[in-house]
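Beneath this line is the structure, given in structure tokens, with notes to follow.
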Amino acid sequence: MSAQVRAAQEGDEGAFGELLRAVQPGLLRYLGVLVGAEAEDVASETWLQIARDLGTFQGDFAGFRGWVAAIGRNRAMDLLRSRRRRPVSTVPVEELLGDRPAAEDTEGAALTTVGTASALALIATLPRDQAEAVLLRVVMDLDAVTAARVLGKRAGAVRMASHRGLRKLAKLLDTPPGPAETTTEPDIRKSPEIDSASGVTPTTAPTLKGLR
């Protein structure tokens, strides 16, 4: 995709469209946790700025994703400041766990699975620094250094926040609420932040595969 970045900078509209399609899903999920229903409006403003400033960008596709995330976050923070509100989840946690597999489901016992919307809503219940770190690292697929630049923090701090957030999600999902309806999207399974954590193994740790 780095070739598409260069082509888009040279005015190739098709390449710009490919970049948008590649990055937009993760951006919308990230912004959805920050600003809720206004995510699409903020994303539109983000892409307008990207189209205007694309010639100033320097870097590859990985850097481009981080650049998009930073612009989107700035737009979201401007909106939140203007309305003096913070990103919150209004859905009770117990409702978010309702689509988990039954306890007797052997595959479900090994892999924690929740639907995409529920996973994002669960992330929104985390402290903001942890929620953003998880979203940037797992949903937008940024490395720790790039995510740190987006958040204006050190890479180590972002790794720690992501690790703590994923540990909290693992604890939330540790005890099944009982037999569930159906599970449609396996989203939370494994993360590099959790793999090395003491006492948490890849089979029990959550990740957000499927949210990207």
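The values are calculated or read from the model by the stated rules, or taken from the named source; none is laboratory data. Every value quoted in this text rests on a predicted model; they were computed, and no experiment measured them. Glycine gets a Cβ as well: all are built from the backbone with ideal geometry, and neighbour counts include every protein chain shown.
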Report every pair of residues separated by at least 6 positions or lying on different chains whose Cβ atoms are under 6 Å apart, first residue within segment 151-177 and more than 15 Å from Ala124 (Cβ to Cβ) and not assigned by TED's automatic domain parsing to the domain that holds Val138, second part of a helix (DSSP H, G or I) and at pLDDT below 90. none
Out of (1) surrounded by 14 or more Cβ atoms within 10 Å (Cβ to Cβ); (2) modelled with pLDDT of 90 or more; (3) part of a helix (DSSP H, G or I), the one Gly156 does not meet is (1)
Does at least one position in segment 50-59 carry a residue that is touching a Ser or Thr at 6+ places or on another chain (Cβ under 9 Å), under 21 Å from Asp143 (Cβ atoms), outside any helix (DSSP H, G or I) and not polar (S, T, N, Q)? yes
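Does Leu136 meet the test of being closer than 16 Å to Val33 by Cα and more than 13 Å from the chain's Cα centre (by Cα)? Full working, then the answer.
Numbers: closer than 16 Å to Val33 by Cα: yes; more than 13 Å from the chain's Cα centre (by Cα): no.
It is false that Leu136 is closer than 16 Å to Val33 by Cα and more than 13 Å from the chain's Cα centre (by Cα).
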Could you please give the count of residues in segment 1-40 that are exposed (fewer than 14 other Cβ atoms within 10 Å of the Cβ) and touching a Phe, Trp or Tyr at 6+ places or on another chain (Cβ under 7 Å)? 1
